[in-house]
Structure formats: C-alpha cells, structure tokens
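First the structure, in the form of structure tokens, and then the observations on it.
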Amino acid sequence: MLTSIETALREGRLIPYLGSGVLDLAGGGAAVPSSAAGLVSQLTAQASVPHKLRTNLSGAAQFIENFKHRKTLTSLMHKAFSPRVAPTALHRMLAQETGIKLIVHAWYDDVPQTALAGRSDWGMLQGVSQSEHFGSWTHAFRADGTRVMDHDEVARWTTTLYQPFGSFAPAANFLVSDSDFVEVLTEIDIQTPIPSEVQDIRRGRNFLFLGCRFSTQLERVFARQIIKRSSDKHWAVLPEEPTRNELRFMAEYSIERIAVPLAEFVASWPELAVA
C-alpha cells in the first residue's frame, strides 16, 4: 500500500484530502475546533439554540442565521477559527511537495495556507455561500490573499488549495448552515459547484484521505463528488473502526483503509517523499 502511495506521490498523481481530524496532530490540542461536535459546541455556547439542535452543526448554524442574522453566524465562525495554529508536521511536509498539484482541505481553518506561505506559486479556491455571494460557487485567491478574477491565472498555479466548505482566511467565507449545503447539494451531482480547475486536475489521480471520516451523508456526498472521474484507486488513513456506512462507501469507491493512527502514518512521510 505504501509503495503505491509512494509511486503516486513521485509521479505527481497524489491528491491529499484533509479533514478536520488533521488538527489533532497539533501538539497539546488545536486552539480551533477540530470536529463538527467541537464547533457546534462553541457556536451554541455563544448563541442560544433549541436543545434538539445543539449537536447538529448545520441545523444550529441555520437557527443562528435565521434568528440572529447571517452576519452573526459569520462573526461566530470567524471568532472560532481566528486563534493562530502553527502548521503540523503533515501540513509542512505537504507544503514542501511541489509535485502535488491539488490539496483538498475540507474544514474551515487556515493552517494549510500558513504552511504554504513560504511559496508564491500557489493559490486557493474556496466555496462561498449563496446567501452572501449569490450566483457564485467559489472564489479564487492568490497566495497573498488577493482575489483572482482571471481564471487563466488559476491554471498556472503549481499547487491549488481547494476548500469546498470555505475558510477563515482570507475572506471569512463559510458553508456551514443547512441552507448553504442545500444550495450546493442541489447542483453537486452535475458538478456545478466543483471548480473546473479541480475537475481538470483530478483526472487520473489518486486521493489520500487524512483526518477524515465518512460517517455522515454530507461527508460522503462531498468526498464522492470531489473524487468523481479521478482514478479507480484511493486510500484513507482511518485508525477507528469504520461504520457499516463507511465500509460500504469505501468499497464502492475503491478507497483502501490504512488502519494506523494518523501520527504514525505521518512519521513515514519523509520516507515516501525521498523514495
């Protein structure tokens, strides 16, 4: 398995797909939420929501948006992810791999951007909410955080950081409420919300899921649609025992499980990189 990943990395076919669990690699725990449960707990500690929604991230976010205004939700999300978090060893290693054309980051923190800051040949594609940017699915930003309007420039980036849920930086764009996701899920089967640049890069490439679970329908839908029309082989570092839904999903999309702790897998990365 590691040999196959090594080959994909060496040949420029590897696409890391980072979930919120990557933040658990931060020594002493991350200063920002590293799970949906942690994030919804932080949001509901600052805004009252019905008890039945207190463990439902998108539902709680929708309630705050409806009864406190979208600006309140954005402000709370901004506050949750504003503490500075140093890049982990995994973030630093990925940032050094200039052969990686695409990194998918399915969470809201800006740690990958911080890790990539030493380079100028990369940029970001971030999902945006229809409630704030009607008619746009994604915004593009250069390494310095300035907005890109010419997508010919995007095609010239050495590495593209794709953040389908948005990100704290540089513009506090977040897909988090029920209505945010309904808009995307209505169109995602025909790939409209997936940037064309991402669709081009993923062809023939292998995804490596790190810090991810596939236990909820939302997690599975986004993973399925982002890896669509790529290769027929992928991997997921998943030390926890998979649920039946996860096992079914991984079998259907040829995602091979690597049943080791993420930190242990990361420790093997230098060997992959120099092989």
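Just a few scattered comments:
- Counted as qualifying within segment 168-275 are the helices (runs of 4 or more DSSP H) with 1 or more residues that are in contact with a helix residue (DSSP H, G or I) (Cβ under 6 Å, 6 or more places away or on another chain) and of a type in the set (Val, Ile, Thr), namely 178-188, 262-267.
- Any hit, segment 85-102, residues being in a strand (DSSP E or B), buried (at least 22 other Cβ atoms within 10 Å of the Cβ) and either among the β-branched types (Val, Ile, Thr) or assigned by TED's automatic domain parsing to the domain that holds Phe181 (or both): yes
- Taking residues in segment 222-241 that are touching a residue at least 24 places away in the same chain (Cβ under 8 Å) and on the phi > 0 side of the Ramachandran plot, and partners anywhere that are among the polar types (S, T, N, Q) and surrounded by fewer than 22 Cβ atoms within 10 Å (Cβ to Cβ), the pairs with Cβ atoms closer than 8 Å and at least 6 places apart or on different chains are Arg229/Gln199.
- For segment 1-52, the set of residues classified as assigned to a helix (DSSP H, G or I) and among the polar types (S, T, N, Q) consists of Thr3, Ser4, Thr7, Ser20, Ser41, Gln42, Thr44, listed by residue number.
- Members of segment 103-121 found to be surrounded by fewer than 20 Cβ atoms within 10 Å (Cβ to Cβ) and of a type in the set (A, V, I, L, M, F, W, C), listed by number: Ala117
- Unique residue being at pLDDT 95 or above, more than 22 Å from Gln96 (Cα to Cα) and within 15 Å of the chain's Cα centre (by Cα) when the list is Arg257, Arg224: Arg224
- Flag for Phe134 being without any contact (Cβ under 8 Å) to a residue 40 or more places away in the chain and either assigned to a strand (DSSP E or B) or of a type in the set (Asp, Glu) (or both): no
- Only listed residue being surrounded by fewer than 18 Cβ atoms within 10 Å (Cβ to Cβ) and either under 23 Å from Glu11 (Cα atoms) or under 15 Å from the mean Cα position of the chain (by Cα) (or both), chosen from Asp144, Asp189, Asp232: Asp232
The values are calculated or read from the model by the stated rules, or taken from the named source; none is laboratory data. Keep in mind it's a predicted model, so treat the numbers as computed, not measured. As a convention, Cβ positions derive from the backbone with ideal geometry for all residues, glycine included, and neighbour counts pool all protein chains shown.
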